[in-house]
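The values are calculated or read from the model by the stated rules, or taken from the named source; none is laboratory data. Keep in mind that this is a model prediction, so the values were computed, not measured. Here Cβ is always computed from backbone atoms with ideal geometry, including for glycine, and neighbour counts include all displayed protein chains.
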Amino acid sequence: MSITPAHYVQPSPTDQPWQPRQVFLFSGHLIDAPDRSPPRFPKSKESIAAQQIAKTLDQFGADDQDLGLTQGANGGDILFAEACQQKGVKLQLLQPFEEAEFIKNSVIPGHANWLARYHAIIQKLDSHPLNAPETLGPLADQMNAYERCNLWLLESAFFYSKDKVRLICLWDGSGKGRVGGTAHMVEEVRKRKGQVIWLDTRQLW
């Protein structure tokens with residue numbers, strides 16, 4: 001399926017399209033529900049994940065010349081978004097559902113303070129989160145909403161050239177062959193010859 005990226009970056013003062021130096025794409029695990037067994041991304045490991053994400057951005061010298069793209073779910077997405085904003089990286093959220101539904105499905109289930117953190121991120125954005133139903137139209141038959149959002153994120157990142165794309169994934173290596181998850185994102189980035197930085201949770205904790 002081919003998806004044309006939306007014009008989600010703000011024009012420069014000279015009305016020339018802004019071109020990021022690097023595009024950081026993020027995909028990763030949501031925080032575990034309290035009763036998840038076996039654990040995958042427990043709340044107790046949040047600080048480790050946050051440190052590794054920030055360290056990775058620092059390794060690439062991430063700053064206000066760069067663009068960050070993710071959905072904004074609890075866990076890895078929000079940690080990435082917070083790190084981007086701390087470093088001045090221009091951030092845009094692209095979501096598979098209308099925002100209220102996305103929050104219900106992917107932000108609130110994390111409990112704790114994820115919803116407040118999500119809203120804090122939104123308040124700092126230059127552009128409100130875009131959602132697939134409004135921007136891309138109705139979901140095609142036999143198309144998974146998460147798969148479509150992955151492809152949307154991918155095409156939006158690769159729009160600027162594959163040499164600029166760095167996918168940061170917080171992932172345990174599971175889910176290969178499934179559409180719409182981190183495994184799918186990694187496979188598609190590699191297929192397009194983009195760079196993948198894998199933060200392997202099996203080694204981080």
Scanning segment 11-31 for residues that are modelled with pLDDT of 95 or more and out of contact with any Leu (no Cβ under 9 Å at 6 or more places or on another chain), which turns out surrounded by the most Cβ atoms within 10 Å (Cβ to Cβ)?
Ile31
Which pairs have Cβ atoms under 6 Å, sit 6 or more apart or on different chains, and link a residue in segment 60-87 that is without any contact (Cβ under 8 Å) to a residue 24 or more places away in the chain to one that is surrounded by fewer than 18 Cβ atoms within 10 Å (Cβ to Cβ) and part of a helix (DSSP H, G or I)?
none
Count of segment 36-74 residues which are over 17 Å from Ala157 (Cα atoms) and either assigned to a loop (DSSP other than H, G, I, E, B) or among the aromatic types (Phe, Trp, Tyr) (or both)
10
Please enumerate the residues belonging to segment 106-127 that are under 16 Å from the mean Cα position of the chain (by Cα) and modelled with pLDDT under 95.
Ser127
With the condition kept exactly as written, say whether any residue in segment 110-125 is surrounded by 15 or more Cβ atoms within 10 Å (Cβ to Cβ), in contact with a helix residue (DSSP H, G or I) (Cβ under 9 Å, 6 or more places away or on another chain) and in a loop (DSSP other than H, G, I, E, B).
yes
It is to be established whether one or more residues within segment 78-87 are more than 22 Å from Gly61 (Cβ to Cβ), crowded, with 18+ Cβ neighbours inside 10 Å and modelled with pLDDT of 95 or more.
yes
Among the candidates Ser44, Ser37, Ser27, Ser106, single out the residue that is closer than 24 Å to Arg202 by Cα and in contact with a Cys (Cβ under 6 Å, 6 or more places away or on another chain).
Ser27
Do we have any residue at all in segment 53-61 that's among the hydroxyl-bearing types (Ser, Thr, Tyr) and surrounded by fewer than 23 Cβ atoms within 10 Å (Cβ to Cβ)?
yes
Determine which member of the set Asp141, Asp200 is among the charged types (D, E, K, R) and touching a strand residue (DSSP E or B) at 6+ places or on another chain (Cβ under 9 Å).
Asp200
Anything in segment 126-151 that is of a type outside the set (Gly, Ala, Ser) and assigned to a loop (DSSP other than H, G, I, E, B)? List them, or say none.
Asp126, His128, Pro129, Pro138, Leu139, Asp141, Gln142, Met143, Asn144
Tell me whether segment 150-167 contains one or more residues that are in contact with a helix residue (DSSP H, G or I) (Cβ under 9 Å, 6 or more places away or on another chain), among the β-branched types (Val, Ile, Thr), in contact (Cβ under 8 Å) with a residue 12 or more places away in the chain and over 19 Å from Phe60 (Cβ atoms).
no
Report whether or not Pro20 is assigned to a loop (DSSP other than H, G, I, E, B), within 17 Å of the chain's Cα centre (by Cα) and either without any contact (Cβ under 8 Å) to a residue 60 or more places away in the chain or more than 20 Å from Arg190 (Cα to Cα) (or both).
yes
Restricting to segment 175-205, give me the number of residues that are closer than 15 Å to Phe41 by Cβ, in a loop (DSSP other than H, G, I, E, B) and in contact (Cβ under 8 Å) with a residue 12 or more places away in the chain.
2
Does Phe97 meet the test of being under 23 Å from Trp198 (Cβ atoms) and either of a type in the set (A, V, I, L, M, F, W, C) or part of a helix (DSSP H, G or I) (or both)?
no
